[in-house]
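Here is the structure we will look at.
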Amino acid sequence: MNGQRLFLGLMTGTSLDGIDAALVDFSSTPPRLIAARGTPLSDDLRSRLLALQSPQPNELHLAQLAANDHSDACAEAIHALLTEAGYAASDIEAIGNHGQTIRHRPECGYTLQIGNHARLAEKTGISVAGDFRSRDVAAGGQGAPLVPAFHQALFASSTQKRALVNIGGIANISLLIPQQSACGFDTGPGNVLMDLWIHRHQGLRYDKDGAWAASGQVLPDLLAQFLQDPYFSLKAPKSTGRDLFHQNWLDMHLSQRSDAPCDVQATLCALSARSIADTLRADEISTLYVCGGGAHNPTLMRMLALELPQTQITTTAALGVAPDWMETYAFAWLAKCCLDRQPANLPGVTGARGLRILGAIWPA
């Protein structure tokens, strides 16, 4: 349409709070985010996807059924976004579909994001690019994080040391240093442990505005105990997920303690802030741009500011992209790279043996 190169990005992250869709035009410089939309996951599908995070009977069958329903929900989200934005399926070159991660085991040579890409192409009439992580893992990489390459392409500065952190269920960071290739990795838990803890004690999906964490006190000894987990001392490249930071991880650390639940929540919030900040102290970062759900948590943002008093901390809105849509934008970019046969990984980030074209294509 009018010389535009339109791609859609789709994302359901570790927090499983909904389907994010973004429509991006890559014909201009810089690219233009035209429209975005968030669609909640149904309680039934969310619970089934969460259950697949752990082994269970008949899980192959259950995973395929969940992948079908996930793809149907994605198709509905796309139709709604295109209707709102005034575009037709024929205007779109491809959908970049992340799928839903249910296992991330690069040390075993695989990462698994379920989603029936063929079904999504059939339901939407749009080509789908997906399975972006597997090729990087096949080349010896972590398959994650993939967004530092996107951040470098769009947001690197020739004069400023910048960092972008996506605080979803897991937090991942991109370091953008002038005249250097971007580096990045998963810092550890973002919201996932806080979400688990508040759900256990209050039946809520997340701590709105960080209010419960703000009502408690950070417990220094518990924070130090959390930080003893070997993951935090691993050198990059590294990536993680619910395979490590899950309910049993919490139970292991808390089973012999009787702390006030609100104090544990405050300490889990401090863990997210500290593990992010620890990766930045040596680089004298000028500005830290925050995206993902954590950008809406004033308590977490305040803890980050206390940890990094010399760094300006803001959200990616300052870069022209609202915090909720940055990662979805990245998967639209990955779809474009896939169709254009352009490498989209950074070996210095993931540890892969070299640059690779990521993803496979399911034509409309």
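The values are calculated or read from the model by the stated rules, or taken from the named source; none is laboratory data. None of these values were measured; they are calculated from a predicted model. Ideal geometry is used to build each Cβ from the backbone, glycine not excepted, and the neighbour counts take in all protein chains shown. Just so you know, the surface numbers come from the protein's heavy atoms only, side chains and all, with ligands and any DNA or RNA stripped out. Shrake-Rupley method; radii C 1.70, N 1.55, O 1.52, S 1.80 Å.
Quick notes on this structure:
- Residue that is most open to solvent (accessible area, probe 1.4 Å), among those in region 74-107 that are farther than 21 Å from ALA360 by Cα and touching a residue at least 40 places away in the same chain (Cβ under 8 Å): GLU84
- Number of the exception - ARG353 against (1) farther than 26 Å from ASP20 by Cβ; (2) in a helix (DSSP H, G or I); (3) open to solvent by 40 Å² or more (accessible area, probe 1.4 Å); (4) at pLDDT 95 or above: (2)
- Residues that are open to solvent by less than 40 Å² (accessible area, probe 1.4 Å) and within 30 Å of ALA85 (Cα to Cα) within region 39-65 comprise THR39, LEU41, LEU45, ARG46, LEU49, listed in sequence order.
- Whenever a residue of region 308-324 is open to solvent by 40 Å² or more (accessible area, probe 1.4 Å), its partners that are among the hydroxyl-bearing types (Ser, Thr, Tyr) and part of a loop (DSSP other than H, G, I, E, B), lying with C-beta atoms within less than 8 angstrom and at least six residues away or across chains, give the pairs GLN312/SER286.
- Meets criteria (under 27 Å from MET11 (Cβ atoms), touching a strand residue (DSSP E or B) at 6+ places or on another chain (Cβ under 9 Å), in a loop (DSSP other than H, G, I, E, B) and open to solvent by less than 20 Å² (accessible area, probe 1.4 Å)) for ILE285: yes
- Note on region 297-310: residues that are in a helix (DSSP H, G or I) and in contact with a strand residue (DSSP E or B) (Cβ under 9 Å, 6 or more places away or on another chain) amount to 4.
- Selected residue (criterion: farthest from GLY13 (Cα to Cα)) from residues of region 29-38 that are part of a strand (DSSP E or B) and open to solvent by less than 60 Å² (accessible area, probe 1.4 Å): ILE34
- Flag for ALA80 being assigned to a strand (DSSP E or B) and farther than 13 Å from GLN100 by Cα: no
- Taken over region 235-277, the criterion of being closer than 30 Å to GLN180 by Cα and exposed (fewer than 15 other Cβ atoms within 10 Å of the Cβ) is satisfied by LYS235 alone.
- Considering residues of region 116-133 that are touching a strand residue (DSSP E or B) at 6+ places or on another chain (Cβ under 8 Å) and either modelled with pLDDT under 95 or in a helix (DSSP H, G or I) (or both) only, the residue most open to solvent (accessible area, probe 1.4 Å): ALA118
- Residue-level analysis places GLU327 among those that are under 15 Å from the mean Cα position of the chain (by Cα) and among the acidic types (Asp, Glu).
- Apart from one condition, LEU23 fits all of (1) closer than 21 Å to ASP131 by Cβ; (2) of a type outside the set (Asp, Glu); (3) open to solvent by less than 30 Å² (accessible area, probe 1.4 Å); (4) modelled with pLDDT of 95 or more; the exception is (1).
- Those strands (runs of 3 or more DSSP E) lying entirely in region 158-224 with at least 2 residues open to solvent by 20 Å² or more (accessible area, probe 1.4 Å) and hydrophobic (A, V, I, L, M, F, W, C): 183-189
- For region 49-58, residues that are under 27 Å from ALA332 (Cα atoms) and either more than 20 Å from the chain's Cα centre (by Cα) or in a loop (DSSP other than H, G, I, E, B) (or both) total 2.
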